[in-house]
Amino acid sequence: MALTPKRRTRVVFVGSGRFGVPGLAFLAAEASRPDGSIDIVGVVTAPPRPAGRHRRPVATPIALLAESLGVGPVLTPDRLRHPDAVADVTAGAPDLLVVADYGQIVPAALLDLANGALN
């Protein structure tokens, strides 16, 4: 009798600061395993902000890590509560939201995913 493989949980990671970096790295490592239990279907972070003396836009630590790991798409909405931002996040049909070090209120539409949200 052949066992059917368990469906991998579709995860969106939401974070911006350095505190969230280990969490995203852990999830990416799990997603890269052939027998892993998750797929990262999106990353939400703050848009690049002006920094330094020349006020050049700088990406968040989460955006930089996601790019280096090749996970994404990386979404950078100005307001996560905006209906277009919610639609962009849910377009990947996520099962679970993982939030770490994100400076905005996460709307109920994203907290009510199939497996909810972890903060």
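The values are calculated or read from the model by the stated rules, or taken from the named source; none is laboratory data. In this text the structure is predicted, and so the values were computed from the model without any measurement. Here the Cβ positions follow ideal geometry from the backbone for every residue, glycine too, while neighbour counts run over all protein chains shown. SASA here: full protein model, heavy atoms, side chains in, ligands and nucleic acids out. Shrake-Rupley method; radii C 1.70, N 1.55, O 1.52, S 1.80 Å.
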On average, how much accessible surface per residue is there in the chain, in Å², for a 1.4 Å probe, leaving out ligands, DNA and RNA? 61
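Identify the trypsin sites (Lys or Arg not before Pro) of the stretch 1-86 meeting these criteria: DSSP loop state and at most 16 other C-beta atoms within 10 Å of the C-beta. Numbers along the way, then the final one.
Working: sites: LYS6, ARG7, ARG8, ARG10, ARG18, ARG53, ARG55, ARG79, ARG81; in loops: LYS6, ARG7, ARG8, ARG53, ARG55, ARG79, ARG81.
Here the trypsin sites (Lys or Arg not before Pro) that fit, given the DSSP loop and packing criteria, are LYS6, ARG7, ARG8, ARG53, ARG55, ARG79, ARG81.
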Classify the stretch 45-96 from the C-alpha gyration tensor, please: rounded if a/c falls under 1.5, else prolate or oblate depending on whether a/b exceeds b/c. oblate
Run the 1.4 Å probe and let me know the accessible area of ASP95, rounded to the nearest 10 Å². 20
Please give the contour-minus-distance gain from PHE26 to ALA117: 0.36 nm per residue of separation, less the Cα-Cα distance, rounded to one decimal in nm. 31.1 nm
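Using Cα pairs closer than 8 Å and at least 6 residues apart in sequence, work out the relative contact order for the stretch 6-114, in percent.
Values: 198 pairs, mean separation 39.5, N = 109.
Once normalised by length, the contact order is 36 percent.
Rounded, prolate or oblate, given the Cα gyration tensor of the stretch 1-93, with a/c below 1.5 counting as rounded? Walk me through the numbers before you get to the answer.
On the way: a/c = 3.55, a/b = 1.79, b/c = 1.98.
Because a/c hits 1.5 or more and a/b fails to exceed b/c, the stretch 1-93 counts as oblate.
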Give a residue-ordered list of calculated ³J(HN,Hα) values for the stretch 9-21 (Karplus: 6.51 cos²θ - 1.76 cosθ + 1.60, θ = phi - 60°; whole Hz; x for Gly, Pro). 6, 8, 10, 10, 9, 10, x, 9, x, 4, 4, x, 4
Net charge around VAL71, counting only other residues with Cβ within less than 13 Å of its Cβ (Lys, Arg = +1; Asp, Glu = -1)? -2
Residue-normalised 222 nm signal for the chain, counting each DSSP H run of n ≥ 4 as -39,500 (n - 2.57), nearest 500 deg cm²/dmol, is -7500 deg cm²/dmol
Calculate how many DSSP beta bridges within the chain are antiparallel, expressed in % of all such bridges and rounded to the nearest 5. 15
